[in-house]
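Take a look at the structure below.
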Amino acid sequence: MKSAGSSSSAKPRLTTSAMIASIAAEGQRTKPAPFGHALVELARSREDVVGMTADLGKYTDLHIFAQAFPDRYYQMGMAEQLLFGAASGLAAEGFMPFATTYAVFASRRAYDFIHQTIAEEDRNVKIACALPGLTSGYGPSHQAAEDLALFRAMPNMTVIDPCDAHEIEQIVPAVAAHRGPVYMRLLRGQVPLVLDEYNYRFELGKAALLRDGGDVLIISSGIMTMRALEAAQALSDDRVNAAVLHVPTIKPLDTEAILHEAGRPGRLVVVAENHTVIGGLGEAVASLLMRSGVHPAFRQIGLPDEFLAAGALPTLHDRYGISTAEVTRQIKEWLR
């Protein structure tokens, strides 16, 4: 007698590769290590740029920088508080540190050190953090579902959530030109390419209307802009015209663009983010609309206010409503 697990129709067992931070769909165009390569290009023209990490050079693509500039690379070991304290000190001496780790370690383990030594002192440190939101299947210890809320609340901190490799390449020189501390979410490894098809150019503090439509406006950041564009295409098959407003800079928010687009009459406004619904882009947009007297029909797509499960990323994205199929389904429900 066959056991339940031996059935020929049983689904194949998921490997750990399905749980790591790879968000590229099968067949999707990608670019390897855009952050690492962009930082190398920046460092060739700026001798003040240094790279720093807490034992995660390979996993934040900073190893690319280490190979090109070994004398400007600082491996601080498994000591995130030391990493950011040292980055602050180097910035005080005129260097521009790009400090990398996982988003959970920056936002939770080293938050006070960043707050006191970098933000309060307004030091020119750029913090780039991998595994943002739900881009890891390894459970709450590695899922930074609340990082944007924490860093949005920190004075002096600029907060950025990039969509793809094309945008990351542009963000690196842009944040270098900006004086002051920056927290940016980081997509690593083979990173999808999406925005180059829209003639997109990153501009710090600015949103971009990637697609127009009269039925629904999706305001999104990070990987959810990819999902929003895919959902908009799927919705068009049902004669639903969806606009997509990409908001890569979470702080400072592009209030003018958001109010202009959300104020157009007759459209459902949906904010989609790879972050808890508490304290991220959705609540930032909602409070802006309320304060400004703009009152469209409003819905939020984001991660629930709970500790998330471990598992394969495609399964988790479906479960928590941030896959393309789930984004499409929810918007259809709200438009009925």
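Once you've got the GNM for the chain with C-alpha springs shorter than 10 Å, pick whichever of Pro132, Pro155, Pro314 has the biggest mean-square fluctuation.
Ranking Pro132, Pro155, Pro314 by mean-square fluctuation puts Pro155 first.
Considering only protein heavy atoms and a probe of 1.4 Å, how much of the accessible area of region 30-192 is carbon and sulfur, as a whole percent?
That fraction is 52 percent.
Could you give the distance between the Cα centres of region 182-221 and region 141-172, to the whole Å?
After rounding, the separation between the Cα centres reads 13 Å.
What size of dipole, in debye to the nearest 20, comes out for the chain about its Cα centre when the only charges are +1 on Lys and Arg C-beta atoms and -1 on Asp and Glu C-beta atoms?
The calculation lands at about 680 debye.
Any idea of the accessible area per residue across region 61-181, 1.4 Å probe, to the nearest Å²?
Per residue, region 61-181 has an accessible area of 34 Å².
Rounded if a/c is under 1.5, else prolate if a/b is larger than b/c, else oblate: which is region 205-335, with a ≥ b ≥ c the root eigenvalues of its Cα gyration tensor? Don't skip to the end; give the middle numbers.
Values: a/c = 1.74, a/b = 1.21, b/c = 1.43.
Oblate, because a/c is 1.5 or more while a/b does not exceed b/c.
Show the residues, 5+ positions off or on another chain, whose built amide H is closer than 5 Å to the amide H of Gly214.
Asn241
Placing unit charges on C-beta atoms (Lys and Arg positive, Asp and Glu negative, everything else neutral), compute the dipole magnitude of region 55-127 about its Cα centre in debye, rounded to 20.
Magnitude of the dipole: close to 220 debye.
Looking only at region 30-192, where both bridge partners belong to it, what percent of the DSSP beta bridges are antiparallel (to the nearest 5)?
Numbers: 3 of 25 bridges.
In region 30-192, DSSP labels about 10 percent of beta bridges as antiparallel.
For Arg299, which sequence-distant residues (separation of 5 or more, or a different chain) have an amide H within less than 5 Å of its own amide H, given hydrogens modelled in the peptide plane?
Result for Arg299 returns Val269, Val270, Val271.
Of Ile64, Phe298, Ala79, which is farthest on the positive side of the dipole of the chain, counting Cα position, with +1 on Lys and Arg Cβ, -1 on Asp and Glu Cβ, and the Cα centre as origin?
Final value for the positive-end residue is Phe298.
Where the only charges are on Cβ atoms (+1 Lys, Arg; -1 Asp, Glu), what is the dipole of region 33-174 about its Cα centre, to the nearest 20 debye?
180
By the scheme Lys and Arg +1, Asp and Glu -1, what is the net charge of all other residues having a beta-carbon under 15 Å from that of Leu131?
Charge balance near Leu131 sits at -1.
Using a 1.4 Å probe and ignoring any ligands, DNA or RNA, find the accessible area of Asp147 and quote it in Å² to the nearest 10.
So the heavy atoms of Asp147 present about 0 Å² to solvent.
Rounded, prolate or oblate for region 30-192? Axes are the square roots of the Cα gyration tensor eigenvalues, ordered a ≥ b ≥ c, and the cut-off for rounded is a/c under 1.5.
Rounded, because the longest to shortest axis ratio a/c is under 1.5.
In region 205-335, what percent of the accessible surface is made up of carbon and sulfur (1.4 Å probe, ligands and nucleic acids excluded)?
50
Per residue, how much accessible surface does region 216-336 expose to a 1.4 Å probe? Answer in Å², no decimals.
Per-residue value: 40 Å².
Would you mind calculating the relative contact order of the chain from Cα pairs under 8 angstrom and at least 6 residues apart, reporting the percent as a whole number?
It rounds to 17 percent for the chain.
Longest segment of the chain with no GluC sites (Glu not before Pro) in a DSSP loop having at most 12 other Cβ atoms within 10 Å?
Longest run free of exposed loop sites: 94-305.
The values are calculated or read from the model by the stated rules, or taken from the named source; none is laboratory data. Since this is a predicted model, take the numbers as computed values, not measurements. Heads up, the Cβs are rebuilt from the backbone with ideal geometry, glycines too, and the neighbour counts pull from every protein chain shown. For the accessible areas, the whole protein counts, side chains as well, though only heavy atoms, and no ligand, DNA or RNA atoms are used. Shrake-Rupley method; radii C 1.70, N 1.55, O 1.52, S 1.80 Å.
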